[in-house]
Amino acid sequence: MHLTITHILFGTLSFIAILSGILVIFSKNPVHSVLYLIVAFFAIAGHYILLNAQFLAIVHIIVYAGAIMVLFLFVIMMLNLNKETEPHKPAWIQIAAVIAGGVLMVTLVGALRNAGSLPLTQPNDVNIGLVGNLGKVLFTDFLVPFEISSILFLAAMVGAVMLGKKNIK
Amino acid sequence: MLLLEAGKSAIQVIPMNWYITLCAVLFGLGVLGVMFRRNAIIILMSIEFMLNAVNLLLVAFSAQRSDPNAQVFVFFIMAVAAAEVAVGLAILMMVYRNTKTTDIDFLNKLKW
């Protein structure tokens, strides 16, 4: 198989994503976990760009790395969690968790390894991930779910404010 | 990438089952994180990681079929994940304020 620049980029980004995913789980300090998760999200955004989903890559960086992870970081800093306050499971539960997770991973990979070998059914259109094309689909076929998601955000915002209030009578 | 191979998608070069394998491994890492850690905030982060593995697989399938619908679905998944994190972190803040811990094994009041 001829090794192109795309293969090298795919391998590098996959390696970064998997390695930082492992570091998220096994790092003792919660703040380090958040920072490694941001690295993993950037690797996944690189995968989106490789797949010509430019709009999703930008939205992914803005929403996940920019908004959600900052929220996590703020909460961890507000609760003042660090290495000393980090609770630990007993060793046998940790070993059992690693074995169970590893078995699930091996099963998934083994079951899905030979799937998806269908050839490309139609000439690959590289423009589907651009803003204009996605906006056309979003505002014609998916207009109602889009409007419902705005109500979802309103409900989430009101709920978060209600939960965060000091003492509700 | 766009400058190097203008107009070419990775899905034309990289086999689909590579993406399926990668996403299965990432999903398994998320499941492992939920089982391995006791800090509720890290468990929420692992759930985000699982959602991202599924998002990546949806985008790969979308690129393979040249179908933009899956990418719109990924957009909605991101919106729901953002709302979920806002409410989930507010609940965790409330739990911490009342119990002074984020240890998931301490919060076993719903245990049968």
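Values quoted throughout were computed directly from the atomic coordinates according to the rules given, and no laboratory measurement underlies them. Only a predicted model underlies this, so the values are computations on that prediction, with no experimental measurement involved. Backbone-built Cβ (ideal geometry, glycine too); neighbour counts: all protein chains shown.
Selection among A:Ser150, A:Val106, A:Ile95 by position relative to the dipole of the protein assembly as shown gives A:Ile95 as farthest towards the positive end (Cβ unit charges, Cα centre). Among A:89-101, B:57-69, A:66-78, sorting by the average number of other beta carbon atoms lying within 10 angstrom of each residue, highest first, gives B:57-69, A:66-78, A:89-101.
Treating the Cα atoms of segment B:48-112 as identical point scatterers in vacuum, please give the log10 of the normalised Debye intensity I(q)/I(0) at q = 0.18, 0.24, 0.27 Å⁻¹, two decimals. Each listed q maps to, in turn, -0.74, -0.97, -1.08. In plain terms, the bigger the Kirkwood radius, the slower the diffusion; for segment A:16-164, with that radius from Cα pairs, at 4 °C and 1.567 mPa s, Stokes-Einstein puts D at 67 µm²/s. The label point for B:Phe106 and the one for A:Asn114, both projected 7 Å from the Cα toward the Cβ, are 5.1 nm apart.
Kirkwood hydrodynamic radius for segment A:9-93: how many Å is it when counted over pairs of different Cα atoms?
On the way: mean 1/r = 0.0716 Å⁻¹.
Averaging 1/r across every pair of different Cα atoms and inverting gives 14.0 Å.
Which three numbers, in whole Å and largest first, are the semi-axes of the equivalent ellipsoid of the protein assembly as shown derived from its Cα gyration tensor as √(5λ)?
Values: eigenvalues 234, 116, 48 Å².
Each semi-axis is √(5λ); the values are 34, 24, 15 Å.
Within 10 Å of the Cβ of each residue in B:87-95, the mean number of Cβ atoms contributed by other protein chains is 6. More than 16 Å apart: what percent of Cα pairs in chain B qualify? Of all Cα-Cα pairs in chain B, 69 percent lie more than 16 Å apart.
Per-residue shielding of A:49-61, expressed as the average number of other chain Cβ atoms within 10 Å of the residue Cβ, stands at 6.
Given Cα pairs under 8 Å that are at least 6 residues apart, what percent is the relative contact order of segment B:15-112? Could you put the intermediate results ahead of the total?
On the way: 70 pairs, mean separation 27.8, N = 98.
Taking the mean separation of contacting Cα pairs over the length of segment B:15-112, I get 28 percent.
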